[in-house]
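Input: a single structure, listed below in structure tokens.
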Amino acid sequence: MDRIRIVGGRRLEGTIPISGAKNATLPLMIASLLTDQTLILDNVPRLADVGLLQRILSNHGVDMMVPGKRPGESQQNGHTLHIVASRIVDTTAPYDLVSKMRASFWVIAPLLARMGEAKVSLPGGCAIGTRPVDLLIMALEKLGANIEIESGYVIARAKNGLKGAEIKFPKVTVSGTHTALMASVLAHGTTVIENAAQEPEIGDVADCLNKMGARISGIGTSRLIVEGVSRLGGARHSVLPDRIETGTYAMAVAMTGGDVLLQGARPELLQAGLDVIAQTGAEITASNEGIRVKRNGSAIEPIDVTTDPFPGFPTDLQAQLMALVSKAKGTSRITETIFENRFMHVQELVRLGARIQLDGETATIEGVATLKGAPVMATDLRASVSLVIAALAAEGETMVHRVYHLDRGFERLEDKLAHCGAAIERVSG
Ligand code: UD1
């Protein structure tokens, strides 16, 4: 199994190109099931999760093509995917595939909308809490689906098609909103989705669905209105930049010190995150090129932050922020409100010398002057990258084990950081 070796203490200087967002790419690929025409996605990041979803979709009969590289194109840019689901050959998503990636459960919505039936395995346990799918099922039922749960599978049927309805989510859910959107675009009549998640990746998918012929309005607000259409066609869409990757590298620079341009990053996608990073003492400037993060010698200031649905501070940056303030001059508090049990990084950060106390959903972090390298274990995607950030600012060598978690969501992480002067390398085997 690959590991990543980091020798900490170097400032980061240079440019990091920001990849297409994983959390938009996955639902965009799934949306291809809604049409028999070709969906072309540009700026697709090269990630293990994208590869796994390709396998899952091919099981349903989806063809995926990556055109050859053109002159001048480099590995630095995301790639283009041509996806065509001209014929769905199987409406079952089996346990061995769905259990590897939760988001693959979302195929239930387009399969049901287009084929009138879907049988999708329940995703099973997850390292960051129970993460149920009750609200996804509620949304499908509201749209007229008949749902049965049998031997670990959700079987959804709507033989005469789905019907527009009012869906009001009792809590903000990204997965629920994606599901409601993808199911309702082909329903008869109008659907209103209340208390919809406003994450930018939802807007990106809705924009793409509209290019395919859907009629969605209210994009970017908590009330989405969908006028159902009888069919969708092909489209070409470029995936929006990854705001979590952006925030992660911004926090790395805020922690090590230095000056880095996050090329292609868009500040409006993570204003709450940037505000917090600025509060810790880093200088943030936005331009047409992206976001520049600078910190020169000043102390890291402590913060008090609570995670919230967009536009609040994202749970997917909580672990990275904890790494950053583990070296703050003072005591910080971070409260996690989205997922219970999303604190697996705490014990690993403590191995590097961080001082963190957990009390329910709140972590109190007493800043220390130095962290010291140690062997640590990646546990989930965002937790593992927090260990990388901490290691970059720690004295001596850190070996991060189980890096397959990182490969799920960060494209060429070690290359991007090494280009900015970090001493980081992948050790194979
Ligand atoms: C998505 C993101 C993930 C991010 C999260 C919150 C993708 C691929 N993943 O995950 O990176 O951390 O949004 O921004 O986009 N819930 C229920 N019942 C349900 C569905 C959700 O109770 O049926 C709860 C969850 O347990 C959680 C909360 O709602 O406590 C938010 O979950 P949700 O927004 O759906 O997260 P995901 O879509 O799984």
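Among the helices (runs of 4 or more DSSP H) contained in region 376-429, which hold 2 or more residues that are at pLDDT 95 or above and small (Gly, Ala, Ser)?
381-392
Looking for whichever is basic (Lys, Arg), within 18 Å of Arg408 (Cα to Cα) and away from the ligand (no atom under 16 Å from the Cβ) here; the options are Arg3, Arg10, Arg102. Which one fits?
Values: Arg10 fails: within 18 Å of Arg408 (Cα to Cα); Arg102 fails: away from the ligand (no atom under 16 Å from the Cβ).
From the options Arg3, Arg10, Arg102, the qualifying one is Arg3.
This table checks each residue for (1) under 30 Å from Ile291 (Cβ atoms); (2) free of Cβ contacts under 8 Å to residues at least 12 places away in the same chain; (3) open to solvent by 30 Å² or more (accessible area, probe 1.4 Å).
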position: Ala196; (1), (2), (3): yes, no, no
position: Gly203; (1), (2), (3): yes, no, no
position: Lys211; (1), (2), (3): yes, no, yes
position: Thr221; (1), (2), (3): yes, no, yes
position: Glu227; (1), (2), (3): no, no, yes
position: Glu245; (1), (2), (3): yes, no, no
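Can you tell me which of Ile155, Ile149 is assigned to a strand (DSSP E or B) and either open to solvent by less than 50 Å² (accessible area, probe 1.4 Å) or more than 17 Å from Leu135 (Cα to Cα) (or both)?
Within the list Ile155, Ile149, the selection yields Ile155.
Given the conditions (1) modelled with pLDDT of 95 or more; (2) within 16 Å of the ligand (Cβ to nearest atom); (3) of a type outside the set (Val, Ile, Thr); (4) not in a helix (DSSP H, G or I), report the number of the one that Leu57 does not fulfil.
Only one criterion in (1) modelled with pLDDT of 95 or more; (2) within 16 Å of the ligand (Cβ to nearest atom); (3) of a type outside the set (Val, Ile, Thr); (4) not in a helix (DSSP H, G or I) is unmet by Leu57, namely (4).
Report every pair of residues separated by at least 6 positions or lying on different chains whose Cβ atoms are under 6 Å apart, first residue within region 290-316 and part of a loop (DSSP other than H, G, I, E, B), second within 14 Å of the ligand (Cβ to nearest atom) and open to solvent by 40 Å² or more (accessible area, probe 1.4 Å).
Pairs that qualify, where the first residue is part of a loop (DSSP other than H, G, I, E, B) and the partner is within 14 Å of the ligand (Cβ to nearest atom) and open to solvent by 40 Å² or more (accessible area, probe 1.4 Å), are Pro309/Val172; Phe310/Gln198.
Determine whether region 157-180 contains at least one residue that is more than 30 Å from Glu361 (Cβ to Cβ) and within 16 Å of the ligand (Cβ to nearest atom).
No - not one qualifying residue is present in region 157-180.
Residue-wise test of (1) under 19 Å from Ile303 (Cα atoms); (2) within 16 Å of the ligand (Cβ to nearest atom).
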position	(1), (2)
Lys327	yes, no
Ser332	yes, no
Glu336	yes, yes
Glu340	no, yes
Leu352	no, no
Gln357	yes, no
Ala363	yes, no
Thr370	yes, no
Ser386	yes, yes
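For region 140-173, which positions are in contact with a strand residue (DSSP E or B) (Cβ under 7 Å, 6 or more places away or on another chain) and free of Cβ contacts under 8 Å to residues at least 12 places away in the same chain?
The answer is Glu141, Ile147, Glu148.
Any chance you could count how many residues in region 272-289 are open to solvent by 30 Å² or more (accessible area, probe 1.4 Å) and not in a helix (DSSP H, G or I)?
The first filter runs over region 272-289 and keeps only residues open to solvent by 30 Å² or more (accessible area, probe 1.4 Å), leaving 275, 278-279, 281, 283-289.
Those still in the list that are not in a helix (DSSP H, G or I) too: 281, 283-289.
Summing the residues that are open to solvent by 30 Å² or more (accessible area, probe 1.4 Å) and not in a helix (DSSP H, G or I) in region 272-289 gives 8.
Can you report the number of residues in region 13-47 which are assigned to a loop (DSSP other than H, G, I, E, B) and away from the ligand (no atom under 16 Å from the Cβ)?
The number of residues fulfilling the criteria is 5.
Residues that are open to solvent by 10 Å² or more (accessible area, probe 1.4 Å), more than 20 Å from Arg114 (Cα to Cα) and free of Cβ contacts under 8 Å to residues at least 12 places away in the same chain: does region 19-31 have at least one?
No.
Given the residues Leu135, Leu97, Leu111, Leu140, which is the only one that is outside any loop (DSSP other than H, G, I, E, B) and either away from the ligand (no atom under 16 Å from the Cβ) or not assigned by TED's automatic domain parsing to the domain that holds Ile216 (or both)?
Just one listed residue meets the conditions, Leu111.
The values are calculated or read from the model by the stated rules, or taken from the named source; none is laboratory data. Quantities reported herein were computed from a predicted structural model and do not represent experimental measurements. Using ideal geometry, Cβ is built from the backbone for each residue, glycine included, and neighbour counts are taken over all protein chains shown. Note: accessible area is taken over every heavy atom of the protein model, side chains too, but ligands, DNA and RNA are not part of it. Shrake-Rupley method; radii C 1.70, N 1.55, O 1.52, S 1.80 Å.
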